[in-house]
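This report refers to the structure that appears directly beneath it.
The values are calculated or read from the model by the stated rules, or taken from the named source; none is laboratory data. Because the structure is a prediction, the values reported are computed rather than measured. Neighbour counts are summed over all protein chains in view; Cβ atoms, including those assigned to glycine, are modelled from backbone coordinates with ideal geometry. Accessible surface areas use protein heavy atoms only, side chains included; no ligands, DNA or RNA. Shrake-Rupley method; radii C 1.70, N 1.55, O 1.52, S 1.80 Å.
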Amino acid sequence: MKSFSVQATDGKARAGVLALNHGLVQTPIFMPVGTYGAVKGVTPQTLQAQIGAQIILGNTFHLWLRPGLEIIQKHQGLHRFVNWDKPMLTDSGGFQVWSLGDLRKISEEGVAFQSPVNGDKLFMAPEDSMRIQHVLNSDIAMAFDECTPYPATREQAAASMQLSMRWAARSRRAFDDLSAQPSYPPYALHPEAPMANALFGIVQGGMFEDLRTESLRALTQIGFEGYAIGGLSVGEPKDDMLRVLAHTAPQLPVDKPRYLMGVGTPEDLVDGVANGIDMFDCVMPSRNGRNGWLFTSQGDLKIRNARFKDDLLPIDPACGCPVCQPQAHGEDRPHFTRAYLHHLQRIDEMLGASLATIHNLSFYLNLMRQMRAAIQAGEFSSWRRDFAAKRASGV
Ligand SMILES: [Zn+2]
């Protein structure tokens with residue numbers, strides 16, 4: 001079978017299946033973020049069986065620094081290290097290195113920086129990023145790039161994008177060389193899997209439409225198994241994000257998966273899908289959840305607020321997650337009340353953070369399943385109107 005097939009379209013929105021070494025992924029999909037190899041406070045079993053996660057994201061940079069490659073190599077890759085046998089995507093480390101600010105220096109060759117852990121002088125080039133991701137053995141590796149800062153002048157955005165395109169070509173060469181060498185024995189290899197891991201290119205170009213077009217042309221000339229849009233949700237106004245998204249996404253190759261990196265709110269995901277995006281990741285559902293910010297079908301809810309002190313409802317009565325579901329058949333009470341979650345948050349109990357993360361990730365994954373069903377039924381526009389109206393109605 002093909003590694004990616006679009007099964008249904010509705011307007012620009014697509015429903016597809018992505019075949020990776022560790023399993024199939026139904027798109028559109030949201031990928032929970034496991035920065036250090038853990039989605040904070042949630043076991044892989046819960047992620048898979050109760051939240052419905054099909055693919056998770058690991059951070060190359062953080063895992064390289066801690067625990068380091070030697071430990072992960074001993075586990076024959078990241079899947080076994082974190083005990084997750086489904087697909088994984090790793091970022092290139094470029095964004096984290098870039099985020100170090102004054103601690104890093106960018107040159108044609110790569111990025112020199114000081115370790116935020118122990119101050120060691122380190123260097124990361126596209127070839128290093130590919131070597132690390134090869135050891136992690138992620139199903140999808142990302143090309144090493146420079147995230148264009150916001151705001152940036154046209155000259156800055158152009159120079160940054162062109163550097164990223166030269167790095168993309170170097171990433172492709174290094175990835176292909178490494179892929180030719182024997183890797184680990186397969187772990188729960190899917191029978192229809194393509195055998196080789198995938199490498200995605202990243203479109204940059206800041207807020208400039210013509211630079212975005214130039215970038216995606218350069219990437220398609222090199223050729224990747226999928227294409228991502230980077231450099232959005234970096235502090236720009238929402239209108240700029242939507243403008244660049246609407247310009248870039250529909251131009252990406254139709255027969256390859258499209259990934260919008262680091263975005264965003266439930267509404268952003270709907271906008272992304274409406275523009276033809278297949279894959280998303282963001283720390284928002286997990287990070288916000290830990291701070292008591294809960295997403296619901298009727299809008300967002302801050303559980304620490306005093307109004308929830310004696311509220312006996314579940315977080316979201318319309319949510320089917322294990323936190324919101326009734327305890328047992330015939331019993332007229334939810335598993336966890338808003339009042340209980342309010343209490344757990346107020347006393348900083350780790351269970352509160354864990355339950356909030358499970359609910360928020362379930363809300364995000366369920367949102368993707370709803371969109372997929374609406375696209376397959378040819379009802380995406382009406383679904384989108386209903387979703388927006390309900391979300392605006394307020395908890
Ligand atoms: Zn829930």
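Shape annotation for the chain: C-alpha extents along the principal axes are 61, 46, 45 Å, from largest to smallest. Alpha-carbon geometry of the range 205-295: the Rg and the Dmax are 13.7, 45 Å, given in that order. Within the listed set 345, 325, 181, the residue fluctuating most in the Gaussian network model of the chain (springs between alpha-carbon atoms under 10 angstrom) is 181. The stretch between residue 179 and residue 325, if pulled fully straight at 0.36 nm per residue, gains 48.1 nm over its current Cα-Cα span. Here the range 116-133 is scanned for amide nitrogen atoms under 16 Å from the site 7 Å beyond the Cα of residue 69 along Cα-to-Cβ, giving 122-133. Surface composition of the range 292-382: carbon and sulfur make up 52 percent of the accessible area, probe 1.4 Å.
Left without a cysteine partner by the 4.7 Å Cβ rule in the chain: 147, 282, 321. Positive end of the dipole of the range 292-382 (Cβ unit charges, origin at the Cα centre): among 366, 341, 299, the Cα lying farthest that way belongs to 299. The reciprocal of the average 1/r between distinct C-alpha atoms defines the Kirkwood hydrodynamic radius, which for the range 138-288 equals 16.2 Å. For the chain, what is the accessible area per residue in Å² when the probe is 1.4 Å? Result: 43 Å² of accessible area for each residue. Entry note, the chain: the mean residue ellipticity at 222 nm calculated from DSSP H runs of n ≥ 4, each adding -39500 (n - 2.57), is -11500 deg cm²/dmol after division by the residues and rounding to the nearest 500. For the chain, what relative contact order do you get, as a whole percent, if you take Cα pairs closer than 8 Å and at least 6 residues apart? Across the chain, relative contact order equals 19 percent. Note on residue 169 and residue 102: their simple-model spin labels are 3.6 nm apart, each label 7 Å out from Cα toward Cβ. Rg/Rh for the range 285-395 stands at 1.00; both radii use Cα atoms, and Rh follows the Kirkwood definition.
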